Structures are given as C-alpha cells and as structure tokens.
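Below: one structure, written as structure tokens.
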Amino acid sequence: MKPIGYWLNRTDKALTCYMNGMLEEFGLTRIAWQVLNVIQDTPEATDTEVLSALAANADISTLTAAIDTVLSDGWAHRPVPGRLALTPGGRRHLADVAVRVDAFRELSTTGVSLDEYRTAVQVLERMSHNLEKATITGGRLR
C-alpha cells in the first residue's frame, strides 16, 4: 500500500487537472474559482480575507494573480478600495459553473459513500491539526 502522502498529492493533482480542464471554457482555473467562492461567501471580502481563506491551496503570488484575473475578466469588482464583490455577471456565470462543479463532485466521489467521504475528511483534518499543532509548539521527532 502506498503511503497517504502519495495519495494526497496524486488526488490533489487529479482534482486540479480535471477542474482546470472543465473550467477552461469559462476562463477560470480551480484557484480562480475558489477565489470567486470566497468572494461570494464573504460579502465585500478584503484581499487579505481571500488570501487567508485560501492559504492552504496556493501561494500568495498565485492567489494574487487569480484575484487580478477575476477582476480583469469582470467576474468581480472593487465596490470600494480594498474590497471585492461579485459583479452581477459574475454571479450569473458562477451559477452556470456550479452546475459543472456539482457534476464534477459526483464523478469524483463515484463509489464513495457519504460516510466514507466524511471519515476521509475527518481523518485528514485530524492529521493536519496534529501536525500544525506540533509545528507551532516546536514538537519534532528525533
């Protein structure tokens, strides 16, 4: 059996590759789509809020480029300096994209029960917390 790190990396690459291909016709990438979701879920989000929410998904330069892309492509705008909001067209387009994302989620979890999915997420969450806590407290294996 291959270790969990192998499967985490392989799954993330597969998710990104498939989503990027699926979202290409909308002019989006997985990261840009994630940026749009944070903006949608956080009315008048700041750039810092978007960067913080997605810090585990990409580095700052990639996230900043994605913010710039959704702004320049008209998906989002700045209602006031330092704030982000979806445009009316961005809201409509994001709703169109949601149909594809739902189909993607169904495809990616084919053969996986809801209980299995929940367990997998809970285990990964626990492992992340264990390692993050050890990093913060300076805990190291020797």
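The values are calculated or read from the model by the stated rules, or taken from the named source; none is laboratory data. Remember, predicted model here, so these are calculated numbers, not experimental data. Because the Cβ atoms are built from the backbone with ideal geometry, glycine has one as well, and the counts that use them run over all protein chains shown. Accessible surface is based on the protein model in full, side chains and every heavy atom, while ligands, DNA and RNA are left aside. Shrake-Rupley method; radii C 1.70, N 1.55, O 1.52, S 1.80 Å.
Along the positive direction of the dipole of the chain (beta-carbon charges: Lys, Arg +1; Asp, Glu -1; about the Cα centre), which of 7, 20, 98 reaches farthest?
7
Mind listing the long-range amide H neighbours of residue 87? Cut-off is under 5 Å, sequence gap 5 or more, other chains count too, H placed in the peptide plane at 1.01 Å from N.
Under 5 Å from the amide H of residue 87: 76, 77.
Pop out the ³J(HN,Hα) list for the range 78-84 in order, Karplus 6.51 cos²θ - 1.76 cosθ + 1.60 with θ = phi - 60°, rounded to Hz; leave Gly and Pro as x.
10, x, 9, x, x, 10, 10
Tally up the carbon and sulfur contribution to the accessible surface of the chain as a whole percent, 1.4 Å probe, everything protein left in place.
Heavy-atom surface of the chain belonging to carbon and sulfur, 1.4 Å probe: 57 percent.
Using a Gaussian network for the chain with springs between C-alpha atoms less than 10 Å apart, which of these wobbles most: 99, 38, 50?
Looking only at 99, 38, 50, the biggest GNM fluctuation is shown by 99.
Which percent of Cα-Cα pairs in the chain sits in each 5 Å bin, short to long?
2, 8, 15, 18, 18, 15, 12, 8, 3, 1, 0, 0
Would you calculate a helix-derived [θ] at 222 nm for the chain, using -39,500 (n - 2.57) for each DSSP H run of n ≥ 4 and dividing by the full residue count, to the nearest 500?
-22500 deg cm²/dmol
Most fluctuating residue of 113, 128, 52 in a GNM of the chain with Cα springs under 10 Å: which is it?
Between 113, 128, 52, it is 128 that shows the largest mean-square fluctuation.
What's the magnitude of the charge dipole for the chain around its Cα centre, counting Lys and Arg as +1 and Asp and Glu as -1 at the beta-carbon? Answer in Debye, nearest 20.
520 debye
So how far apart, in nm, are the two label points at residue 4 and residue 120 if each is 7 Å from Cα heading toward Cβ?
Label at residue 4, label at residue 120, 1.4 nm between them.
If you fit an axis through the alpha-carbon atoms of helix 88-108 and take the longest principal axis of the Cα set of the chain, what angle between them do you get, 0 to 90°, nearest 10?
The two axes meet at around 30 degrees.
What accessible area per residue, rounded to a whole number of Å², is obtained for the range 56-124 using a probe radius of 1.4 Å? Intermediate results must be reported in sequence, preceding the final value.
On the way: 4430 Å² over 69 residues.
Dividing the accessible area of the range 56-124 by its residue count gives 64 Å².
Can you give the extra length, in nm with one decimal, that the chain gains between residue 112 and residue 61 once fully stretched, where that is 0.36 nm per residue apart less the Cα-Cα distance? Provide the component values of the computation, followed by the final result.
Working: separation 51, 0.36 × 51 = 18.36 nm, distance 3.46 nm.
Full extension of this stretch gives 14.9 nm more.
With angles folded into 0 to 90 degrees, how steeply does helix 30-41 sit against the dominant principal axis of the chain? Use alpha carbons for both and round to 10.
70 degrees
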